[in-house]
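The values are calculated or read from the model by the stated rules, or taken from the named source; none is laboratory data. In this text, all values refer to a predicted model and were calculated from it rather than measured experimentally. Methodologically, a virtual Cβ is constructed for each residue, glycine included, from the backbone with ideal geometry; neighbour enumeration extends over all protein chains shown.
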Amino acid sequence: MSEELDYVPPKVWTWTKPNGGTFADTNRPVAGPTHDKELPVGRHPLQLYSLGTPNGVKVTIMLEELLELGHSGAEYDAWLIEIKKGDQFGSGFVAINPNSKIPALIDRNSSEPISVFETGSILLYLAEEFGEFLPRDIAGRTAVLNWLFWQVGSTPFFGGGFTHFYSYAPVKIEYAINRYAMELKRQLDVLNRQLAPHEYIAGREYSIADMAIFPWYGGLVMGWYDTAAEFLSAHEYPNVIRWAEMIAARPAVQRGRMVNRTWGDDLSKQLPERHDATDFQTKTRDKVPT
């Protein structure tokens with residue numbers, strides 16, 4: 001038997017060594033900063049500290065959609081937080097997000113800056129601040145929030161569960177992959193059934209629920225995450241595919257996916273930092289190599 005199959009949990013768990021895997025150098029069982037590092041501040045009231053992961057993309061999509069509608073107050077500076085290097089444990093970042101996860105937002109429009117963290121909270125904050133992408137009637141608002149919180153509660157099974165064991169874990173554990181694959185397919189079926197009679201996740205209107213769910217589940221069915229789409233038979237969810245393709249075609253979504261992105265073959269789709277709308281034309285990695 002392998003060491004993994006022979007493992008018997010101790011009565012009291014102690015952290016004696018890194019657990020391996022992609023993020024072994026940054027994972028630890030305690031919170032708080034590991035080093036002193038102040039955060040940069042740009043010229044816009046909204047300061048975003050993030051990385052172009054599915055969670056980070058939710059917020060940049062929202063900001064770009066607000067700008068698309070003409071909300072000049074949604075102009076923002078997007079600073080790169082490199083999580084594999086442990087930037088999220090710098091003292092400045094921990095001060096605005098004690099949980100040390102990207103993204104984190106600071107709104108400097110008021111006399112006392114407001115820190116906002118957790119993507120569901122950021123999307124809701126921006127929707128209420130600008131009066132967009134969240135219905136004002138109680139029924140419509142509740143429907144959107146139902147699906148926003150569904151995403152917040154469901155995606156850990158996707159990212160921290162399936163993706164970890166399928167892509168990042170140092171060993172492939174059949175039980176873990178099967179368990180999370182089963183749950184992820186159930187979630188895709190939930191979405192596929194919801195989208196059968198609805199154009200968007202919460203009904204007829206595009207909302208923060210779509211922005212929250214799309215980078216994860218939309219990206220999955222569109223084949224953005226290695227071989228996961230094939231492994232999970234993404235073709236079995238045509239309504240999710242139809243919805244994902246519709247969202248992906250939006251210009252603001254395309255811009256939002258570029259922000260704080262530093263990987264991939266297409267350098268023209270990577271904008272490590274964003275400080276002005278013109279940066280999409282002048283500061284992508286194909287024009288300013290890093």
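Given the condition aromatic (Phe, Trp, Tyr) and without any contact (Cβ under 8 Å) to a residue 40 or more places away in the chain, answer yes or no: does some residue in the stretch 106-122 qualify?
Narrowing the stretch 106-122 to residues aromatic (Phe, Trp, Tyr): 117.
Adding the requirement that they be without any contact (Cβ under 8 Å) to a residue 40 or more places away in the chain leaves 117.
Yes, the stretch 106-122 has at least one match.
Could you look through the stretch 26-38, keep only residues that are over 15 Å from Gly90 (Cβ atoms) and of a type outside the set (A, V, I, L, M, F, W, C), and pick out the one that is modelled with the highest pLDDT?
Narrowing the stretch 26-38 to residues over 15 Å from Gly90 (Cβ atoms): 27, 29-30.
Filter again for of a type outside the set (A, V, I, L, M, F, W, C), leaving 27, 29.
On the way: Asn27: 83, Pro29: 90.
My answer is Pro29.
What are the residues in the stretch 172-213 that are more than 21 Å from Ala127 (Cβ to Cβ) and either touching a strand residue (DSSP E or B) at 6+ places or on another chain (Cβ under 7 Å) or part of a loop (DSSP other than H, G, I, E, B) (or both), if any?
Lys172, Ile173, Ala196, Pro197
Do any residues in the stretch 257-275 that are under 18 Å from Gly42 (Cβ atoms) have Cβ atoms under 6 Å from those of residues that are part of a strand (DSSP E or B) and among the β-branched types (Val, Ile, Thr), where the two are at least six apart or on different chains, and which pairs are they?
Hits for this filter: Leu271/Val259; Arg274/Val259.
Let's see how each residue does on (1) outside any loop (DSSP other than H, G, I, E, B); (2) crowded, with 18+ Cβ neighbours inside 10 Å; (3) at pLDDT 95 or above:
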site	(1), (2), (3)
Glu4	yes, no, no
Thr14	no, no, no
Gly20	no, no, no
Val57	yes, yes, yes
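Would you point out which residue out of Ala196, Ala244, Ala229, Ala169 is without any contact (Cβ under 8 Å) to a residue 60 or more places away in the chain, aliphatic (A, V, I, L, M) and more than 19 Å from Val144 (Cα to Cα)? Walk me through it before giving the result.
Details: Ala196 fails: more than 19 Å from Val144 (Cα to Cα); Ala244 fails: more than 19 Å from Val144 (Cα to Cα); Ala169 fails: without any contact (Cβ under 8 Å) to a residue 60 or more places away in the chain.
One residue alone meets the criteria, Ala229.
Report yes if Asn97 is in contact with a helix residue (DSSP H, G or I) (Cβ under 9 Å, 6 or more places away or on another chain) and surrounded by fewer than 18 Cβ atoms within 10 Å (Cβ to Cβ), otherwise no. Please lay out each step first, then the result.
Values: in contact with a helix residue (DSSP H, G or I) (Cβ under 9 Å, 6 or more places away or on another chain): yes; surrounded by fewer than 18 Cβ atoms within 10 Å (Cβ to Cβ): no.
No; evaluated as a whole, the condition is false for this residue.
Is it fair to say Ala143 is touching a strand residue (DSSP E or B) at 6+ places or on another chain (Cβ under 7 Å) and either of a type in the set (D, E, K, R) or modelled with pLDDT of 95 or more (or both)?
It is true that Ala143 is touching a strand residue (DSSP E or B) at 6+ places or on another chain (Cβ under 7 Å) and either of a type in the set (D, E, K, R) or modelled with pLDDT of 95 or more (or both).
Name every residue in the stretch 105-156 that is of a type in the set (Asp, Glu) and either within 26 Å of Gln47 (Cα to Cα) or assigned to a helix (DSSP H, G or I) (or both), in order of residue number. Lay out the reasoning, then the answer.
First pass over the stretch 105-156, keeping only residues of a type in the set (Asp, Glu): 107, 112, 118, 128-129, 132, 137.
The answer is Asp107, Glu112, Glu118, Glu128, Glu129, Glu132.
Among the listed residues Val144, Val152, identify the single one that is surrounded by fewer than 17 Cβ atoms within 10 Å (Cβ to Cβ) and in contact with a helix residue (DSSP H, G or I) (Cβ under 7 Å, 6 or more places away or on another chain). Outline the logic, then answer.
Values: Val144 fails: surrounded by fewer than 17 Cβ atoms within 10 Å (Cβ to Cβ).
Testing whether each residue is surrounded by fewer than 17 Cβ atoms within 10 Å (Cβ to Cβ) and in contact with a helix residue (DSSP H, G or I) (Cβ under 7 Å, 6 or more places away or on another chain) leaves just Val152.
Do we have any residue at all in the stretch 217-239 that's touching a Pro at 6+ places or on another chain (Cβ under 7 Å) and part of a helix (DSSP H, G or I)? Steps first, answer last, please.
Within the stretch 217-239, the subset touching a Pro at 6+ places or on another chain (Cβ under 7 Å) is 219.
Next cut, part of a helix (DSSP H, G or I) only: 219.
Yes: one or more hits.
Report, by residue number, each residue of the stretch 48-103 that is within 15 Å of the chain's Cα centre (by Cα) and among the hydroxyl-bearing types (Ser, Thr, Tyr).
Tyr49, Ser50, Thr53, Thr60, Ser100
Looking at this structure, is Arg255 in contact with a helix residue (DSSP H, G or I) (Cβ under 7 Å, 6 or more places away or on another chain) and either at pLDDT below 95 or surrounded by fewer than 23 Cβ atoms within 10 Å (Cβ to Cβ) (or both)? So that I can check it myself, show each step before the final result.
Working: in contact with a helix residue (DSSP H, G or I) (Cβ under 7 Å, 6 or more places away or on another chain): yes; either at pLDDT below 95 or surrounded by fewer than 23 Cβ atoms within 10 Å (Cβ to Cβ) (or both): yes.
Spelling it out, Arg255 is indeed in contact with a helix residue (DSSP H, G or I) (Cβ under 7 Å, 6 or more places away or on another chain) and either at pLDDT below 95 or surrounded by fewer than 23 Cβ atoms within 10 Å (Cβ to Cβ) (or both).
Taking the stretch 205-249, which residues are more than 18 Å from Glu64 (Cβ to Cβ), of a type in the set (Gly, Ala, Ser) and under 19 Å from the mean Cα position of the chain (by Cα)?
Listed by number, the residues that qualify are Gly223, Ala228, Ala229.
Among Leu124, Leu191, which is more than 25 Å from Ala78 (Cα to Cα), surrounded by 14 or more Cβ atoms within 10 Å (Cβ to Cβ), among the hydrophobic types (A, V, I, L, M, F, W, C) and in contact with a helix residue (DSSP H, G or I) (Cβ under 9 Å, 6 or more places away or on another chain)? First the steps, then the outcome.
Numbers: Leu124 fails: more than 25 Å from Ala78 (Cα to Cα).
Every option except Leu191 fails the conditions.
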